[in-house]
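**Student:** Here it is, the structure in full.
The values are calculated or read from the model by the stated rules, or taken from the named source; none is laboratory data. From a predicted model like this one, the values you see are computed outputs, not experimental measurements. FYI the Cβ positions are ideal-geometry reconstructions off the backbone, even for glycines, and counts take in every protein chain you see. Protein only, heavy atoms only, side chains kept; ligands, DNA and RNA dropped before computing areas. Shrake-Rupley method; radii C 1.70, N 1.55, O 1.52, S 1.80 Å.
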Number of protein chains: 2
Amino acid sequence: MTPSLDIVFAALADPTRRTILAMLLEDDMAVTDVAHPFEMSLAAVSKHLGVLTAAGLISQEKRGRVKWCKLEPDALREASVWMQGFGQFEPVNLDAFERFLQSEIEGGTERS
Amino acid sequence: MTPSLDIVFAALADPTRRTILAMLLEDDMAVTDVAHPFEMSLAAVSKHLGVLTAAGLISQEKRGRVKWCKLEPDALREASVWMQGFGQFEPVNLDAFERFLQSEIEGGTERS
DNA sequence: TGAAACGTCAACCAAATGGTTGAATATCGA
DNA sequence: TCGATATTCAACCATTTGGTTGACGTTTCA
């Protein structure tokens, strides 16, 4: 079940979380290492990672006592498609655009 | 000064606001008309429009007693560029776009 | 075995968010 | 001028968000 656009965009709206995503672009990281550059508690970063996980933007896998965080960039695809629609489609085709989104996006259980 | 990614993504995180943007894709609208399909007060919709304006996603121009709302899709560019930094997505999802065009051709124009 | 490292949980707090209602402001039209 | 229309403002409320701290469960390893 793909997380809704609500959850994905809300996850992206925080600068700490966007920085974390950029960090994970380079390599997978343990929670403690993700937290290191930030001037906030480990628990706070752990919460941010929870938000990113709920949005499907990262995945977390525990090996031993270390929990590894991995970027899942595919989760950005749905949001990206949604945004691109505003640049690429003619205003005339709203109905068609909406049908397109409907067919393109799975699991979007949002109210209209 | 372009609004920060924080503000833009936060604005996009609400389904009511995304629906408003989709409505404005079709045409400019007055505040009252924007509010019409929603089951909430006019004041609430007015607040949403304020959030979208603060994010630069729409502009509002008052003519007479009517305030017209206009989509400003360029505001999505910065956010779009940020997301594209994560690779995977081309600026346009060409495959999906071609399928969309194909369905357009096959389906004919069934807008009423 | 036991201390240290890794990470989360629970309770708490301040501020922001999304909604309400009622009053206020400004403009149009007859 | 007066009533209706269009929109915002102000105060209020409940919920969510982003942060804190301290206690807790696991896992490692000397």
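**Student:** Could you sort B:Arg18, B:Arg77 by their accessible area in this structure, using a 1.4 Å probe and putting the largest first?
**Tutor:** Most to least solvent-accessible, the answer reads B:Arg77, B:Arg18.
**Student:** Using only atoms on other chains, find how many Cβ atoms lie within 10 Å of each Cβ of peptide A:6-18 and report the average.
**Tutor:** 5
**Student:** How would B:Phe38, B:Phe9 rank on accessible area, largest to smallest, probe 1.4 Å?
**Tutor:** Heavy-atom accessible area, descending, gives B:Phe38, B:Phe9.
**Student:** Let me ask something additional. What is the local net charge at B:Leu52, summed over the other residues whose Cβ is closer than 12 Å to its Cβ (Lys, Arg +1; Asp, Glu -1)?
**Tutor:** In short, +2.
**Student:** Using Cα pairs closer than 8 Å and at least 6 residues apart in sequence, work out the relative contact order for the stretch A:1-70, in percent.
**Tutor:** Value for the stretch A:1-70: 39 percent.
**Student:** What translational diffusion coefficient, to the nearest whole µm²/s, does the stretch B:12-79 have by Stokes-Einstein, given a Kirkwood radius computed over alpha-carbon pairs, a temperature of 37 °C and 0.692 mPa s viscosity?
**Tutor:** Value of D from the Cα-based Kirkwood radius: 275 µm²/s.
**Student:** A further question follows. Karplus couplings for the stretch A:11-18 from phi (6.51 cos²θ - 1.76 cosθ + 1.60, θ = phi - 60°), rounded to Hz, Gly and Pro as x?
**Tutor:** 5, 6, 7, 10, x, 4, 5, 5
**Student:** Additional query: Mind listing the long-range amide H neighbours of A:Ile58? Cut-off is under 5 Å, sequence gap 5 or more, other chains count too, H placed in the peptide plane at 1.01 Å from N.
**Tutor:** Amide H neighbours of A:Ile58: A:Thr53, A:Glu72.
**Student:** Something else about it: Report the full-extension gain for the segment A:Asp28 to A:Asp74: residue separation times 0.36 nm, less the Cα-Cα distance, to one decimal in nm.
**Tutor:** Working it through step by step, the gained length comes to 15.0 nm.
**Student:** Return the whole-Å distance between the Cα centroid of the stretch B:1-51 and the Cα centroid of the stretch A:1-68.
**Tutor:** 29 Å
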